[in-house]
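A short worksheet on the structure shown next.
Every read-out reported here was derived from the displayed coordinates using simple, explicitly stated rules and does not represent laboratory data. A quick note: this is a predicted structure, and the numbers were derived from the prediction, not measured. For neighbour counting, all protein chains shown are included, and Cβ atoms are generated from backbone atoms with ideal geometry for every residue, glycine included.
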Amino acid sequence: MQNSIEPKKFWQKLLIFWHTRELGQHIETLAKTLSVAIYIDKEFSDDEKSVATDILSKYLADEKEVFYVIEYIEMKLGKYKEDYQNFLNDKNEIIKLIKNDISLLNLIENIIEADKKTSYDEESFLEEIKQKM
């Protein structure tokens, strides 16, 4: 089942953005990594959301913080739909970050495997990462 990415009001976006940024650069990087991994196949399944929530729960003790980061990810996915260049910029940034933190690749693989199917775009993305490492 596909999650719909609903547009949020300005103040909601600001609150979500502020809460996520307040959690630090590491969580921002995790959110961006999960966003890119989810958007690779242009679908956002319940399974991917569940895996992303589980991953974030390992880093964040408070469920409310996890909620805000998931909302932030959904906002990023909406931005990617509006502006594909934004997605490409984040994707390239994540590939560079993976060179320094291989654990990000594991997160990407977990998201890709979440929906029990691997698309051509997902396979190509993993190949691109491995070539640049």
Only helical DSSP H runs with n ≥ 4 go in: add -39500 (n - 2.57) per run for the chain, normalise by residue count and round the 222 nm mean residue ellipticity to 500 deg cm²/dmol.
-25500 deg cm²/dmol
Unit charges at the beta carbon, dipole of the chain: most positive-side option, T118, L34, S45
L34
With respect to the cross-link table entries K13/K130; K96/K130; K49/K116, which display a Cα-Cα separation exceeding 23 Å?
K13/K130
Toward the positive end of the charge dipole of the chain, about the Cα centre and with charges on Cβ (Lys, Arg +1; Asp, Glu -1), which of N100, I129, A61 goes farthest?
N100
For the stretch 2-95, what does the alpha-carbon gyration tensor say about shape, rounded, prolate or oblate, given a ≥ b ≥ c as the root eigenvalues, a/c under 1.5 as rounded, and a/b over b/c as prolate?
rounded
In debye, nearest 20: dipole of the stretch 25-98 around its Cα centre with unit charges on the Cβ of K, R (+) and D, E (-)?
300 debye
Does the stretch 57-104 come out rounded, prolate or oblate, given a ≥ b ≥ c as the square roots of the eigenvalues of its C-alpha gyration tensor, rounded meaning a/c under 1.5 and, failing that, prolate meaning a/b above b/c?
oblate
Rounded to the nearest 20 debye, dipole of the chain from Cβ charges on Lys, Arg, Asp, Glu:
440 debye
Compare the peptides 90-96, 10-16, 34-40 by average per-residue count of other Cβ atoms within 10 angstrom and give them in order, highest first.
34-40, 90-96, 10-16
